1. Residues to consider are G82, G117; find the one that is out of contact with any strand residue (DSSP E or B) (no Cβ under 9 Å at 6 or more places or on another chain), small (G, A, S) and in a loop (DSSP other than H, G, I, E, B).
2. Tell me, which residue of the stretch 175-197 that is within 11 Å of V61 (Cβ to Cβ), of a type outside the set (S, T, N, Q) and surrounded by fewer than 18 Cβ atoms within 10 Å (Cβ to Cβ) is modelled with the lowest pLDDT?
3. So for the stretch 157-173 (the condition being among the β-branched types (V, I, T) and in contact (Cβ under 8 Å) with a residue 60 or more places away in the chain), does at least one residue qualify?
4. Just checking, does the stretch 143-158 include any residue being surrounded by fewer than 17 Cβ atoms within 10 Å (Cβ to Cβ), over 18 Å from the mean Cα position of the chain (by Cα) and not in a helix (DSSP H, G or I)?
5. Residues to consider are L175, L186, L195, L118; find the one that is within 26 Å of V88 (Cβ to Cβ) and in contact with a helix residue (DSSP H, G or I) (Cβ under 9 Å, 6 or more places away or on another chain).
6. Would you check which residues across the stretch 49-66 are surrounded by 16 or more Cβ atoms within 10 Å (Cβ to Cβ) and part of a loop (DSSP other than H, G, I, E, B) and list them?
7. Do we have G127 as without any contact (Cβ under 8 Å) to a residue 12 or more places away in the chain, small (G, A, S) and either surrounded by 15 or more Cβ atoms within 10 Å (Cβ to Cβ) or not in a strand (DSSP E or B) (or both) here?
8. Restricting attention to the stretch 108-135, which residues are of a type in the set (V, I, T) and closer than 15 Å to Y76 by Cβ?
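The values are calculated or read from the model by the stated rules, or taken from the named source; none is laboratory data. Predicted, not measured: the structure shown is a model, and the values here were computed from it. All Cβ positions, glycine included, derive from the backbone under ideal geometry; neighbour counts span all protein chains shown.
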Amino acid sequence: MSVKYRQAIIAVIAILPVTGCGAVETSDGGEVASTSADLSLLSLQSLICEGRAVATYDPPVTNTPQLTTVRVDVRYGSASAGVGACLVVGAPITGGFRSSTVTLITSCTELLNSVPGLVTQYSWNDGSTSTTKAQIQMVNRLESTSEIAETDTVTSGFGKGHKASLSITYPNVALDACATTGVSRLEGASELTILPL
């Protein structure tokens, strides 16, 4: 579990009122802290999830701008085949899925850029959904990885009115194909938080 993920868990636990004995558990069964949560205040609706993202590009993206269909699928928690976990307050969610598809003119220099105002729906395994609208995005290109950090607003469903923070980290080695056959697929780790403003 990443440092950022642990810090976010601590932030959620810190806002839970103390009224009795209990424990908060992640979806993988691990007890993260001993605390007491007033179940009557679960309307706080907070969520912290880790998972896996897969982006596909058709046709593959090269250094030359061209019309490309981009699809990004992300699975979180119990839906991510064991690579992620979720901590949720306010709903029996243990995992979920999001998918977005856009067609645009792009190249490797703009490969990780988002579409301003893009609306995305998360489907959770308890039957609920969260709809977000992209507000701010930053791309941090490091030596070995590139990280997309996006701040969204939850416009409806679980966590309505809250801030959603999404990050996806891809290995840069996958971008080596930009000058040859093109990039057709990227896969990396993702973290999502939905917390009160």
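1. G82
2. Taking the stretch 175-197 and keeping what is within 11 Å of V61 (Cβ to Cβ), we get 175, 177-178, 181-186.
Cutting the leftovers down to of a type outside the set (S, T, N, Q) gives us 175, 177-178, 182-183, 185-186.
With surrounded by fewer than 18 Cβ atoms within 10 Å (Cβ to Cβ) added as a condition, the list becomes 175, 177, 185.
On the way: L175: 84, A177: 92, R185: 94.
Only one residue tops the list, namely L175.
3. Start the filter on the stretch 157-173 by keeping residues that are among the β-branched types (V, I, T), which leaves 168-169, 173.
The next check asks that each one be in contact (Cβ under 8 Å) with a residue 60 or more places away in the chain; those that pass are 168.
Checked against the condition, which is being among the β-branched types (V, I, T) and in contact (Cβ under 8 Å) with a residue 60 or more places away in the chain, the stretch 157-173 yields at least one hit.
4. There is at least one residue in the stretch 143-158 that is surrounded by fewer than 17 Cβ atoms within 10 Å (Cβ to Cβ), over 18 Å from the mean Cα position of the chain (by Cα) and not in a helix (DSSP H, G or I).
5. Only one candidate qualifies: L195.
6. T62
7. Values: without any contact (Cβ under 8 Å) to a residue 12 or more places away in the chain: yes; small (G, A, S): yes; either surrounded by 15 or more Cβ atoms within 10 Å (Cβ to Cβ) or not in a strand (DSSP E or B) (or both): yes.
So G127 passes the test.
8. Across the stretch 108-135, the qualifying residues are T120, T129, T132.
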